[in-house]
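What follows is a short report on a single structure.
Quick note: the coordinates plus some simple rules give every number you see, no bench work behind them. If you're wondering where the values come from, they're calculated on a predicted model, not measured in any experiment. Here the Cβ positions follow ideal geometry from the backbone for every residue, glycine too, while neighbour counts run over all protein chains shown.
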Amino acid sequence: MARLVLSLLILCGSQTGLCQSSEAQKEPGIIDNSTVFTRILDGLLDGYDNRLRPGLGENVTEIKTNIFVTSFGPVSDTEMEYTIDVFFRQSWKDERLCFKGPMEMLPLNNLLASNIWTPDTFFLNGKKSIAHNMTTPNKLLRLKDDGTLLYTMR
């Protein structure tokens with residue numbers, strides 16, 4: 001039993017040493033992707049006002065939309081209602097969010113959606129729309145280096 005405990009302690013110690021040694025072997029001056037990613041995100045929102053739409057006073061902001069239906073039903077003839085589950089996608093260009101970096105597209109946290117301008121999209125004659133928020137809000141946000149955003153909600 002003592003040999004087993006000793007073996008486990010040696011194994012755990014060597015694993016910890018491997019992790020520490022790999023961190024120590026990074027060459028100075030080399031920046032990893034997470035550092036670059038953090039710098040890009042910090043710079044993006046510096047001076048950004050999410051209350052103003054992109055191109056305000058200059059161009060019309062064109063929003064491209066797409067709906068992918070995942071389920072349809074039930075349908076009520078008497079109430080004239082139906083239920084559908086969809087992925088609702090919106091895409092637009094916000095030139096204030098252009099960036100330069102080693103990656104062409106940044107997958108962003110859904111919390112960032114509240115810090116950028118998003119369209120106030122609604123469904124004409126819709127009775128009720130609910131965004132799926134089970135465990136966390138079901139939102140996807142991707143940013144291309146030219147400032148094009150893809151915003152998907154379930």
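Extension gain for Asn138 to Phe122 (0.36 nm times residue separation, less C-alpha to C-alpha distance): 4.0 nm.
Remark on Gly147: its backbone amide H falls under 5 Å from those of Phe99, a criterion applied only to residues 5 or more positions apart or on other chains, H modelled at 1.01 Å from N. Extension gain for Arg39 to Tyr82 (0.36 nm times residue separation, less C-alpha to C-alpha distance): 10.9 nm. In order along the range 80-87, the phi-based Karplus estimate (6.51 cos²θ - 1.76 cosθ + 1.60, θ = phi - 60°) of 3J(HN,Hα) comes to 6, 10, 8, 10, 9, 9, 9, 9 Hz; Gly and Pro are listed as x.
Once the Cα-Cα distance is subtracted from the 0.36 nm per residue extended length, the Asn50 to Thr65 segment shows a gain of 3.4 nm. Ranked for footprinting exposure by Cβ neighbours inside 10 Å, fewest first, Met153, Met80 give Met80, Met153. Only Cα pairs under 8 Å and 6+ residues apart enter the sum, and on that basis the relative contact order of the range 75-154 stands at 47 percent. Backbone geometry of the range 111-124 corresponds, through the Karplus equation with coefficients 6.51, -1.76 and 1.60 at θ = phi - 60°, to 3J(HN,Hα) couplings of 5, 5, 4, 7, 9, 10, 5, 10, x, 8, 8, 9, 9, 4 Hz, x marking Gly and Pro. So which lysines can Lys100 reach, going by Cα to Cα under 25 Å and dropping same-chain residues fewer than 8 places off? The reachable lysines, counting only those whose Cα sits under 25 Å from Lys100, are Lys26, Lys64, Lys139, Lys144.
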